[in-house]
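See below for the structure under consideration.
Just so it is clear, none of the values below were taken in a lab; they were calculated from the coordinates. Please read these numbers as outputs of a predicted model, since none were measured by experiment. With ideal geometry, Cβ positions are generated from the backbone for all residues, glycine too; neighbour counts draw on all protein chains shown.
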């Protein structure tokens, strides 16, 4: 049996919003003010990338961003292009999540969880690879929350704000 790869399914706003929710929840566990919006534009393309999935092997939420980047320098190769290519996808995901009220834009353009919750059955029904993408998004949320400011995180990743 041949399994088709559906790029649209992994870039649709609802799926990407689920990844952003996981990112935001993980970030909030360490910093209750929430992530600044630009971090979503960095986290989502990295978390959703099948090419970078192997870079997360052998890591956990305590690994930390700097250690992960030292172990996996390939993450930074072409990162600016990856981020730029996904700007519309991330914007659509943020917009969708805010309209669905699962995320809200708080003071200082920080993401916070909204009044409505994502149904657990929606995420549990995902296949293995999409579920791993959401898990990677959460891991990035933990790492970003302990790495410092948004500017510091962008600098660590080799990007400028």
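Taking square-rooted eigenvalues a ≥ b ≥ c of the alpha carbon gyration tensor, is the stretch 7-156 rounded, prolate or oblate, where a/c under 1.5 means rounded and, failing that, a/b exceeding b/c means prolate? It comes out rounded by the Cα gyration axes. Here the peptides 42-50, 93-101, 71-79 are ranked by packing, the mean other Cβ count within 10 Å, and the order with the highest first is 42-50, 93-101, 71-79. In terms of other Cβ atoms within 10 Å, 65, 20, 159 run from fewest to most in the order 159, 65, 20.
Counting neighbouring Cβ atoms within 10 Å and putting the fewest first, the residues 27, 41 line up as 41, 27. Full extension of the segment from residue 14 to residue 53, taken as 0.36 nm per residue of separation minus the current Cα-Cα distance, would add 12.0 nm. Subtracting the Cα-Cα distance of residue 63 and residue 131 from 0.36 nm times their residue separation leaves 22.5 nm of extension gain.
Report the calculated FRET efficiency for residue 160 and residue 116 (r = Cβ-Cβ distance, R0 = 30 Å), to the nearest 0.05. Write down the numbers at each step before the final one.
Details: r = 36 Å, r/R0 = 1.19.
It comes out at approximately 0.25.
Highest average first, the peptides 54-62, 148-156, 133-141 ordered by how many other beta carbon atoms sit within 10 Å of their residues are 133-141, 148-156, 54-62.
Rounded to the nearest 500 deg cm²/dmol, what is the calculated helix-only ellipticity per residue at 222 nm for the chain, with -39500 (n - 2.57) per DSSP H run of length n ≥ 4?
Working: 9 runs with 92 residues, N = 161.
Calculated at 222 nm, the ellipticity per residue is -17000 deg cm²/dmol.
Distance between the C-alpha centres of the stretch 20-75 and the stretch 84-114: 17 Å, rounded to the whole angstrom.
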